[in-house]
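Please read the structure below before turning to the comments.
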Amino acid sequence: MGKLAVVVVAAGKGSRMKTEESKQYLQLSGKPILVYTLTLFERIEQVDTVVLVTGADDVDRCSGYIEQFALSKVKHVVSGGKERQDSVYKGLEVLGSDVEWVMVHDGVRPFASVEHVLACWRKAMEAEAAVLAVPVKDTIKIVNNEGKIESTPDRRSLWAIQTPQAFRLSLLKLAYEQAEKDGFAGTDDAMLVERIGTPVQVVESDYYNIKITTPEDLPWAEWIIQNVRGER
C-alpha cells in the first residue's frame, strides 16, 4: 500500500475574520490555530508526510512552529499561489513518487476527529475519492441577484462539505492538470475530480469539524477545545 500524505492549506489572509493577523495564526488556548491542525495529523500513525502551504511571508514563522512543537511529519513548507487552487497544486507537486494517497485539508479546520479522517481515507481507497461532510441543518434557498427566492432544494439531498478530502494522488493531479488546461476554478478539490468524471463519495463527519472563518467562530472553537477535542 502506497504512502498517505496530507497537504494542509494555510496561505489565505482571511479578510472575514477582521483581524490584522491571518486567522490561521490566531491563538486558541495559547497555541496558533494552525498548530492544532498540524498536530492532528502528526498524531495519526497512518499519515506519512505533511506538506504545509502558506504565504510567502509566513514560511519562516511556520518553520519555527515545526521546530517548536516537534511536528516531524511536516517535511515541506511551500509558498502558496494566488488562489487556493494554485496553493494546493504547489503542495501536490512536492510529493514523492512513493505517495499513493493524498488528503487536502484546511489549515483553519483544527477539530476533525481521527476516526473521521481515517474513515475518509478508507473510503477513498475503495472509491478513489472521498470527502467529509455533514447534512445541512438549515433550509437552503436559491436566491437571485435582486434578493428574491427562486427555489428551495430538498434539504435531505444537501450536505455541507468539509475537509479533509481524500484522493488517489494520480487522480487528483490529473484533475488539477485538466482544470489548469481549461482555465477552470473550483471551490474545492472534489469539484475538480467530479468534472473529469470520477464520482466522489461522502463520509459523514460531525459538526465540531468547523472552519474558523469569522469572529463568531472563535468562542465556539475555544468551547470545543475545552469540552470535546481538548487532548491536542
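So which of Val9, Val94 ends up being β-branched (Val, Ile, Thr) and within 30 Å of Trp223 (Cβ to Cβ)?
Values: Val94 fails: within 30 Å of Trp223 (Cβ to Cβ).
After ruling out the rest, the residue left standing is Val9.
For the range 184-212, filtering for residues that are in a loop (DSSP other than H, G, I, E, B) and under 23 Å from Glu42 (Cα atoms) leaves 8.
Annotation note: Cβ proximity below 7 Å between a residue of the range 65-80 that is within 16 Å of Gly55 (Cβ to Cβ) and a residue that is surrounded by fewer than 21 Cβ atoms within 10 Å (Cβ to Cβ) and of a type in the set (Ser, Thr, Tyr) (sequence gap 6+ or interchain) occurs for Val77/Ser63. Considering only the range 22-41, how many residues are part of a loop (DSSP other than H, G, I, E, B) and buried (at least 22 other Cβ atoms within 10 Å of the Cβ)? Number satisfying all stated conditions: 1. Scan the range 181-204 for residues that are within 25 Å of Glu83 (Cβ to Cβ) and either among the acidic types (Asp, Glu) or open to solvent by less than 50 Å² (accessible area, probe 1.4 Å) (or both) and the total you get is 10. Applying the condition of being touching a residue at least 24 places away in the same chain (Cβ under 8 Å), open to solvent by 10 Å² or more (accessible area, probe 1.4 Å) and part of a helix (DSSP H, G or I) to the range 97-124 and asking which residue is nearest to Tyr25 (Cα to Cα) yields Val114.
Contact annotation: residue pairs with Cβ atoms under 6 Å, 6 or more positions apart or on different chains, pairing a residue in the range 147-166 that is within 13 Å of His116 (Cα to Cα) with a partner that is of a type in the set (S, T, N, Q), are Gln162/Ser205; Gln162/Asn209.
The values are calculated or read from the model by the stated rules, or taken from the named source; none is laboratory data. This one's a predicted model, so the numbers in the text were calculated from it and none came from an experiment. Neighbour counts run over all protein chains shown; Cβ positions are idealised from the backbone, glycine included. Heads up: the accessible areas ignore ligands, DNA and RNA and are worked out on the full protein's heavy atoms, side chains in. Shrake-Rupley method; radii C 1.70, N 1.55, O 1.52, S 1.80 Å.
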